[in-house]
Each structure stands twice: as C-alpha cells, then as structure tokens.
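Participant: My questions will all concern the structure given below.
What follows draws every value from the coordinates through simple rules; no lab data is involved. It should be emphasised that the depicted structure is a prediction, and the values quoted were computed from it without experimental measurement. Here Cβ is always computed from backbone atoms with ideal geometry, including for glycine, and neighbour counts include all displayed protein chains.
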Amino acid sequence: MTMQDDPRRAQLRRLKLYALAMLLAMLAGFIVSHLHGERGIWAWVGAFCEAATVGALADWFAVVALFRRPLSLPIPHTAIIPRNKERIADSLAVFVRDHFLEPEALLSKLKVFDPAARLGQWLAQPEQAHMLAGLARGWAVQALDLLDEAAVRRAIQGFVVEQLRQWNAAATAGELLGLLTADNRHQRVLDEGLTRIAHWLDKDSVRQHASALIVRYIRKEWPKLASTVDWVKPIDEIGDTLADRLARAGLEELQAVLSEPEHPLRQDYARWLGDYMQRLRHDPALAAKVDRLKQQVIDHPAVQEYVQGLWQRVHDYLRDDLSNENSSLAGHLERSLGKLGAAIGNDPALRDALNQHMLAGAEKLTNRLRSGVTTHIAQTVKAWDEQKLVEQLELSVGRDLQYIRFNGTLVGGLIGLLLHAVTGWLRF
C-alpha cells in the first residue's frame, strides 16, 4: 500500500475539513450577531462565536506550527518538528537506549523468565527435538551443496600433508614403544610370540616340511654322501629324525625362555628394545632415516590419491545420510537434544549454570548493542526526508490534533459565554 492509498490520509483530510467548517461557522455566527447589534440572544451568540473563533485560530496555529510554518510565514518557533529533527533523533535514540536496552532491566526480566528451565521443557518435547534435528539436517545439506569441493579437497590435502611432514615420526615411535614396554608389556608380547612359534614347531606338517628341506639340502650339497648313507639307512628317515630333534630342541629352548623371567634371551630383548627407544628419541641419524622413510610414504602416489579422496568420501557419506529422512546423524542429534532437555529439567545445578551463562552473554550483548543501536536510530531518523517525516508523524497523530482544534473551538466559545455573563453581572 502506497502513502497515497493510506486510509489515514483521507480520515485526516476529513477531520481538517470539519475543523475548518467549525471555524467558518463561528466566524459566520460572529458576523450575524454583530449585524443584529449584539442585543438579547445575539449578544450571547456573539460572545460564544467570538471566543470560539479565537480558540479555533489559536489551536490551528499551534497544530500547524508543529509541522510547518503557518501560511508559510517565517514566524519564530514554528515548523518545530522539521527544524529539530536532529535533536529529536538524538533524544529518541537515548530514550530507546535508556528504557529498552538498560542492562539491569533486561537482566531482571530474563532472570524471572528462567530461560534454562523453559529451554529444557521445550527440548524435552519429542516434536521440538525432531523439528530442530530436521532443520539442522536441511541446513547441513545446503551447506554441503554450497561448498566448493575442489577448494575443500585442496585445503584438506594441503593440511593433511603439511601435518604429516611436520610430524616427528621417530619421537612418536619412541613414545609408542615406551607405552608398549610399560609394566613389562613387551615381555608379554614376547611370550605371545614365543608361544605361537612353539605351536607352529609342534605341528607335524612343519616337521615334515623341515625334514624335506634337510633331505633336499643334503642331496644337493653332498650327493655322494647321500648315496652312501642310503646303503646304511634311508636318508628320508635321517631327515625325519633330524627334523624331530631340531623341533624338540627348539621347543625345549622356548619352554625355558617362557618359564624363566630372567632368561638371558629376555634380558637381551629388553636391552635391545630400550636402546632402540632411546635412539628413536635422541639419535639424529636414526631420526633422519625414519623421516626419510616417512617422506617417501607421503610422496607415494597412492597416499596422495588417498588423501585427495578423503573429502569426496566424507562428502558422499554426509550427503547420502543427511538426504535421507531416516538420517542416522539427524537421529543422533534428535536423541541428544531430547536427553539434553531431560537433563536440564532434572538437574538444578545445570539449569543454574546455563542461566548464568545466558545472563552473562545477554549482558555482554546488551552492552555491545546499546551504543550501536543508539547510533543507528539517530542516524536513521536524521537521514529521513523532512517532508516524509512530517507526513508520517501527521498521519500518526494528526487525527488527535484535529480534535484539539474541535475542543479549542468549543472551550473558547464556553469561555466567551462565561466572560459575557461575568461582564453582564458586573454591569448590573
């Protein structure tokens, strides 16, 4: 609706015509009473109309002087609103600041409101949590669609590769081995390894394979000896015997290591592992060797391709999941919001903590907004066109101001009657 179509404009115009008609009627009454000599009833009519005309003119002048210069005459202290637009803007801005953005008043109302409890009650309702989760799911899908995939892919690749290049792999390996050797965990690892070797040696298939290897080696390296031995005892039986004895010897040695906590093999293992951890941490040559190996792995095309595809895989997973009405991520968020609402409702300490955070945040926000809002209101009002400002204010309060003219006309007339009566009484 345009300003010209504003129904208040027609109403204001109509009221102005009524006020003008009353003024003209009072002037006509005054003239008629004067023509009749102002005797009898005409004296009362003349007194009423004369005073009513003065009251109507005075109130017309006062009303018009608010918005413009009466009859375009440069009368002092007229056109009050357009001449004082900047002062009005500053006063309005200060009024809003002091009465609507006063921190203590806002915080006192916020305390009574108990925002944490209301938030908990709201989140505890399943339909609210479902609505929030659905909104978050939609926003996330839109955000994914807006992302520049090539730029994100390059950023991720650059970040991951840079972090890998800066990573001290040798020191990390030393720390990892330190964790593995704490509380003799490395001995348990050794026990597990030796136990698996013992099980492996105790298998018939392993012994048969070892026997075959022994026979093949003898036939290859000492063919004449193998032919000679065959006259006495088949070489295959000798291979089986040797394989069995080697397996038993190995098992016995393994059992000894497993049963003796202070076995020399354990001590050598512990010394070697401890020395290697120290070298990883403090030996520049070994650290450089590990770093070169790390750099080779990073620069490998397969690793680069894998890093480049990370975002695509993550993006595809998120897009597929969030596009589904039964999204697992949205479902998890919905359940989390419901649990949060229940927790807020059942935990007074949590409510108090949330209220304190909200109040502190509201206080900071209010203090930041006060000066900004004050300046914004003042600058906005000052930037208004004076004619439009006057028109808007007149449309807003002009109706009531016209009633002031009506009242001024009637009150002036009544005062005229009262003065005429008093004057007549004094003459009598």
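Participant: Which residues' amide hydrogens lie under 5 Å from the amide hydrogen of residue 69, considering only partners 5 or more residues apart or on another chain, with H built in the peptide plane?
Facilitator: Distant-sequence amide H within range of residue 69: 79.
Participant: Suppose the chain between residue 258 and residue 298 were pulled fully straight at 0.36 nm per residue; how much longer would it get relative to their current alpha carbon spacing?
Facilitator: Taking residue 258 through residue 298 to full extension adds about 10.4 nm, to one decimal.
Participant: With θ set to phi - 60°, apply the Karplus curve 6.51 cos²θ - 1.76 cosθ + 1.60 along the stretch 283-300 and write out the HN-Hα couplings as whole Hz, x wherever there is a Gly or Pro.
Facilitator: Along the stretch 283-300, the couplings run 8, x, 5, 5, 4, 5, 5, 5, 5, 4, 5, 4, 4, 5, 5, 4, 7, 5 Hz.
Participant: Hey, another quick one. Looking at the chain, how many pairs of lysines come closer than 22 Å at the Cα, when each pair is eight or more places apart or spans two chains?
Facilitator: The result is 7.
Participant: Please give the helix 85-100 orientation as an angle from the longest Cα principal axis of the chain, in degrees from 0 to 90, rounded to the nearest 10.
Facilitator: 60
Participant: Here's something else I'd like to know. Return the calculated 222 nm mean residue ellipticity for the chain, to the nearest 500 deg cm²/dmol, obtained by summing -39500 (n - 2.57) across DSSP H runs with n ≥ 4 and dividing by the residue count.
Facilitator: Calculated mean residue ellipticity at 222 nm is -29500 deg cm²/dmol.
Participant: So I have (i) 4, 9, 9, 10, 12, 12, 9, 7, 6, 5, 4, 4, 3, 2, 2, 1, 0, 0; (ii) 5, 22, 32, 25, 12, 4, 0; (iii) 4, 20, 28, 26, 16, 5, 1, 0, and one of them is P(r) over Cα pairs in 10 Å bins from 0, in percent calculated from this model. Which one is it?
Facilitator: Given (i) 4, 9, 9, 10, 12, 12, 9, 7, 6, 5, 4, 4, 3, 2, 2, 1, 0, 0; (ii) 5, 22, 32, 25, 12, 4, 0; (iii) 4, 20, 28, 26, 16, 5, 1, 0, the calculated one carries the label (i).
Participant: Here's something else I'd like to know. Round to the nearest 0.05 the FRET efficiency obtained for residue 403 and residue 164 when R0 = 60 Å and r is the Cβ-Cβ distance.
Facilitator: 0.15
Participant: A follow-up question, please. What angle, in degrees between 0 and 90 and rounded to the nearest 10, separates the Cα long axis of helix 126-146 from the longest principal axis of the Cα atoms of the chain?
Facilitator: 80
Participant: If you fit an axis through the alpha-carbon atoms of helix 204-221 and take the longest principal axis of the Cα set of the chain, what angle between them do you get, 0 to 90°, nearest 10?
Facilitator: That helix lies at roughly 60 degrees to the long axis.
Participant: Next up: Give me the distance between the Cα centres of the stretch 240-308 and the stretch 315-367, rounded to whole Å.
Facilitator: Here the answer is 49 Å between Cα centres.
Participant: Count the net charge of all other residues whose Cβ sits under 10 Å from the Cβ of residue 15, scoring Lys and Arg as +1 and Asp and Glu as -1.
Facilitator: Neighbourhood net charge equals +4.
Participant: Taking 0.36 nm per residue of sequence separation and subtracting the Cα-Cα distance, how much length would be gained by fully extending the chain between residue 421 and residue 385, in nm to one decimal?
Facilitator: 7.9 nm
Participant: Another one. Extension gain residue 83-residue 350, at 0.36 nm per residue separation less the Cα-Cα distance, in nm?
Facilitator: 90.6 nm
Participant: Given the options 120, 92, 81, identify the residue whose Cα lies farthest towards the positive end of the charge dipole of the stretch 81-126 (+1 on Cβ of Lys, Arg; -1 on Cβ of Asp, Glu).
Facilitator: Working it through, the farthest residue towards the positive pole turns out to be 81.
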